[in-house]
Amino acid sequence: MEQPHPFDEIRYDKPSERVARITLARPEKHNGQTPKMLYEINDALDLAMYDDDVHAVIIAADGKNFSSGHDISDQSNLGEVRPPIMGFGGYGHSGPQGYMVKEQEIYLGFCWRWRNLPKPIIVQVQGKAIAGGLMLIWPFDIIIASDDAEFSDPVVAFGMNGHEYFVHAFEVGNRKAKQMLFTGEPIGAAEAKTLGMVNEVVPRGELESFTLAMAEKIASRPMIGLKMAKMSVNQSLDAQGIWTAIQSAFNLHHFGHANNRVIYGEIVDPAGREIIKREARASKDTSDRK
Ligand code: ZN
């Protein structure tokens with residue numbers, strides 16, 4: 001069933017009849033997302049969407065952690081990585097203008113495109129999903145977490161509102177969204193389930209088999225029914241204004257980047273790095289003592 005494709009930072013396979021799987025494959029970097037990885041995910045999702053034998057897709061990740069977020073050490077010139085897909089050009093403009101279109105393409109644009117793909121997409125999450133890591137989870141339909149999974153968006157420490165796909169209040173409710181943003185603290189798998197953000201929590205050793213079994217069950221149903229069900233739920237959220245809310249937050253996000261650029265000469269407040277590192281160390285010490 002393996003179908004090799006020329007990807008470097010992900011794998012694409014078909015682990016079962018009618019099920020495709022995309023696996024993040026940079027475990028040594030905690031699956032930090034480069035622009036190349038994001039384009040590869042987008043290509044692999046297209047492969048699955050245009051393959052009529054695929055009825056359901058799994059997003060998985062190698063290694064201990066699902067994703068540490070965007071790998072901002074990779075500042076590849078996007079126009080040189082790939083021609084734009086979302087219709088935004090102008091990467092060459094200096095200052096906030098050029099940076100905003102870059103994020104419109106590979107962050108907000110991709111997430112919203114993926115959210116609106118027609119086939120069911122299930123994410124299996126282990127370990128940490130930090131900031132941009134959530135942007136490979138929240139656009140999709142069903143979330144299966146292993147019991148060690150943790151979800152966080154600590155970027156308020158960078159003088160920002162949150163990551164670029166701002167659906168926090170829709171995902172965890174408005175009170176918890178404010179708490180997770182204000183404190184930067186992670187939400188564990190069990191709590192995420194009580195909030196309705198995660199569908200099921202399973203032991204780490206059963207994550208792959210449990211997710212595959214659910215994907216197989218979903219994939220046994222007629223494609224047209226699955227597509228209509230997905231669109232109907234998505235349209236319920238659309239009717240509540242989800243896209244308008246995301247765009248408003250994205251505009252503020254770019255006010256934040258521009259403000260940091262004027263004050264610090266870079267897109268984030270550099271003091272945030274120390275705050276986030278210090279708190280990550282402290283939480284590791286606490287969990288090591290347990
Ligand atoms: Zn940003």
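The values are calculated or read from the model by the stated rules, or taken from the named source; none is laboratory data. Since this is a predicted model, take the numbers as computed values, not measurements. FYI the Cβ positions are ideal-geometry reconstructions off the backbone, even for glycines, and counts take in every protein chain you see. In case anyone asks, the SASA skips ligands and DNA or RNA and just uses the protein heavy atoms, side chains included. Shrake-Rupley method; radii C 1.70, N 1.55, O 1.52, S 1.80 Å.
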The stretch 206-222 residues that are more than 12 Å from Pro120 (Cα to Cα), paired with ones that are at pLDDT 95 or above and in a loop (DSSP other than H, G, I, E, B) (beta carbon under 7 Å, 6 or more apart):
Leu207/Gln126
Tally time: how many residues in the stretch 100-127 are away from the ligand (no atom under 16 Å from the Cβ), part of a helix (DSSP H, G or I) and of a type outside the set (D, E, K, R)?
1
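Residue-wise test of (1) out of contact with any His (no Cβ under 9 Å at 6 or more places or on another chain); (2) open to solvent by 40 Å² or more (accessible area, probe 1.4 Å).
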site: Lys36; (1), (2): yes, yes
site: Gly69; (1), (2): no, no
site: Tyr99; (1), (2): no, no
site: Gly109; (1), (2): yes, no
site: Pro118; (1), (2): yes, yes
site: Leu134; (1), (2): no, no
In this structure, is Ser220 over 19 Å from Gly132 (Cβ atoms) and more than 16 Å from the ligand (Cβ to nearest atom)?
yes
For the stretch 266-283, does any single residue satisfy the condition of being of a type outside the set (Gly, Ala, Ser), more than 23 Å from Ser73 (Cα to Cα), more than 16 Å from the ligand (Cβ to nearest atom) and open to solvent by 90 Å² or more (accessible area, probe 1.4 Å)?
no
Is at least one residue of the stretch 73-86 within 16 Å of the ligand (Cβ to nearest atom) and at pLDDT 95 or above?
no
Can you find, within the stretch 163-216, the residue that is most open to solvent (accessible area, probe 1.4 Å) among those that are under 24 Å from Ile267 (Cα atoms) and either outside any helix (DSSP H, G or I) or modelled with pLDDT under 95 (or both)?
Glu185
Determine if the stretch 246-265 includes at least one residue that is farther than 30 Å from Asp148 by Cα, of a type in the set (Ser, Thr, Tyr), within 16 Å of the ligand (Cβ to nearest atom) and touching a Gly at 6+ places or on another chain (Cβ under 9 Å).
yes
Looking only at the stretch 128-155, and only at residues there that are away from the ligand (no atom under 13 Å from the Cβ) and among the β-branched types (Val, Ile, Thr), the one that is nearest to Lys178 (Cα to Cα):
Ile130
Output the qualifying pairs, or none if there are none: Cβ atoms under 7 angstrom, residues six or more apart or on different chains, first residue in the stretch 253-272 and farther than 15 Å from Met100 by Cβ, second residue part of a helix (DSSP H, G or I) and more than 12 Å from the ligand (Cβ to nearest atom).
Pro270/Tyr264; Gly272/Ala157
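In the stretch 41-73, what residues are farther than 16 Å from Ile143 by Cα, outside any loop (DSSP other than H, G, I, E, B) and under 14 Å from the mean Cα position of the chain (by Cα)?
Ile41, Asn42, Leu45, His70
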How about the stretch 218-233: which of its residues are under 18 Å from Ala20 (Cβ atoms) and under 24 Å from the mean Cα position of the chain (by Cα)?
Ile218, Ala219, Leu226, Lys227, Lys230
Mind listing whichever residues of the stretch 156-182 are within 16 Å of the ligand (Cβ to nearest atom) and over 14 Å from the mean Cα position of the chain (by Cα)?
Val156, Ala157, Phe158, Gly159, Met160, Asn161, Leu181
